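Report on one structure; see the data block that follows.
Every number here is computed from the coordinates shown, using simple stated rules; none is lab data. These figures come from a predicted structure and were not determined experimentally. Note that we place each Cβ from the backbone using ideal geometry, even for glycine, and neighbour counts take in every protein chain shown.
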Amino acid sequence: RRAFGPQHPRYAAALLDYGFYLLNIDSINHSVAVYEEALTTLRRVFGRSSLHVATAQEDLAYALYVLEYSSGRFYKARDHAERAIRIIENLVPPDHLLLASAKRVKALILEEIALDTPAGQDMSEPSLLEESESLHKAALALSMMAFGENNVQTAKHYGNLGRLYQSMHKFQDAETMHLKAIAIKEELLGPEDYEVGLSIGHLASLYNYHMGMHCAAEKLYLRSISISLKLFGERYSGLEYDYRGLVHVFTQLKRHDRADHYTRLLQHWHELREQSKQEQQPALGDEQVLPLAELQAKFFSND
């Protein structure tokens, strides 16, 4: 910003990178704010109908999806995802890989909207879940065409289909998709990668809440928790779902001492999250700027 000014594409590119970083360290509110500024900057530079703007809208849509996952207020996220898709469709061929990611984001959003819609009130044709399935399959096909089966992006699409089929009560199909995703990610990333932990947690949820395989779910939850603690620490947002899952597992298995243990861990997690709200990232533009040598010493020292 100091070098190029607030209306330069280099500044917008730095904002997109920063937003991605914030999203991945669980600073979701700040990530959304950064993505919003990036989108505003790119619109000023390129207008409202460029691929740069479409990419920023997709990134913002996903950050909003993560932010509102608990609240269910997905309509702003949906609007950005649909705008991104329209721009991309107007500028590239229909089999272009850029569409895969944008369709994936919209599919995730539609699935959550469908789950929050009371039974019998989804009057759209096709239904939101059916539209989500169509988008996920289209994204998977584009990924397969570009990368083949043995690729992390392809694995992510398998995992997304697994979650969708769980929502659609197609539990065997869901299990197949999750197992495919886990196998590919483990082969490419190793057994303790974040992506592996994510897919393991999704399979645990399927076994726990829908297939009655509570002992298998327990092992998967514990593995997912181990990965999350190692990579992100005990304040990580994703731990909530694993702790809640284990409370349910042990309640079903009538192991009430273990259920109580994870209930206490869940309460402790909530307390840590409340503390985190007081320790948010500084406002954009207020960050301390360090010389490169100091940054290297801070993050890459061997001490």
Original post:
Once a ≥ b ≥ c are taken as the square roots of the eigenvalues of the Cα gyration tensor of the range 1-109, is the result rounded (a/c under 1.5), prolate (a/b larger than b/c) or oblate (a/b not larger than b/c)?
Top reply: oblate
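What is the fewest-to-most order of Phe147, Phe250 by other Cβ atoms lying within 10 Å of their Cβ?
Listing Phe147, Phe250 from fewest to most nearby Cβ atoms yields Phe147, Phe250.
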Subject >> Helix-derived mean residue ellipticity, 222 nm - over the chain, DSSP H n ≥ 4, -39500 (n - 2.57), to 500 >> reply: -24500 deg cm²/dmol
Subject >> Members of Lys230/Lys254; Lys106/Lys137; Lys106/Lys219; Lys137/Lys219 lying beyond 22 Å, as alpha-carbon distances in this model show >> reply: Lys230/Lys254; Lys106/Lys219; Lys137/Lys219
Original post:
With each pseudo-label sitting 7 Å past Cα toward Cβ, what's the Met211-Glu187 distance in nm, one decimal?
Top reply: 2.0 nm
Original post:
Once phi is turned into θ = phi - 60°, what whole-Hz ³J(HN,Hα) does the Karplus curve with 6.51, -1.76 and 1.60 give for every residue of the range 164-176, x standing for Gly and Pro?
Top reply: 5, 5, 4, 5, 8, 6, 9, 6, 5, 5, 4, 4, 4
Original post:
Which of these, Pro94, Pro191, Pro118, has the largest mean-square fluctuation under a Gaussian network model of the chain (Cα springs below 10 Å)?
Top reply: Pro118
Original post:
What list of ³J(HN,Hα) values in whole Hz, one per residue of the range 255-268 in order, does the Karplus curve 6.51 cos²θ - 1.76 cosθ + 1.60 (θ = phi - 60°) give from phi, with Gly and Pro shown as x?
Top reply: 9, 5, 5, 6, 4, 5, 4, 6, 5, 5, 4, 5, 5, 4
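Under the Kirkwood approximation for Rh and a Cα-based Rg, what ratio Rg/Rh is obtained for the chain? It would help to have the intermediate numbers written out before the result.
Details: Rg = 20.6 Å, Rh = 21.0 Å.
Taking Rg over the Kirkwood Rh, I get 0.98.
As a footprinting exposure proxy, order Asp242, Asp257 by other Cβ within 10 Å, with the fewest listed first.
On the way: Asp242 29, Asp257 7.
The most exposed by this proxy come first: Asp257, Asp242.
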**OP:** Could you give the size of the charge dipole of the range 1-109 about its Cα centre, using +1 on the Cβ of each K and R and -1 on the Cβ of each D and E, expressed in debye and rounded to the nearest 20?
**Re:** 280 debye
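Which shape class, rounded, prolate or oblate, goes with the range 138-247 when its Cα gyration tensor gives a ≥ b ≥ c as root eigenvalues, a/c under 1.5 marks rounded, and past that a/b bigger than b/c marks prolate? The partial results should precede the final answer.
Working: a/c = 2.16, a/b = 1.29, b/c = 1.68.
Cα axes put the range 138-247 in the oblate bin.
Only counting other Cβ atoms within 10 Å, I'd like Glu192, Glu186 sorted with the fewest neighbours first.
Glu192, Glu186
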Subject >> Cross-link partners of Lys185 among aspartates and glutamates (Cα-Cα below 12 Å; sequence separation of 8 or more within a chain) >> reply: Glu149, Asp193, Glu195
**OP:** Give a residue-ordered list of calculated ³J(HN,Hα) values for the range 85-94 (Karplus: 6.51 cos²θ - 1.76 cosθ + 1.60, θ = phi - 60°; whole Hz; x for Gly, Pro).
**Re:** 4, 4, 4, 4, 4, 6, 10, 10, x, x
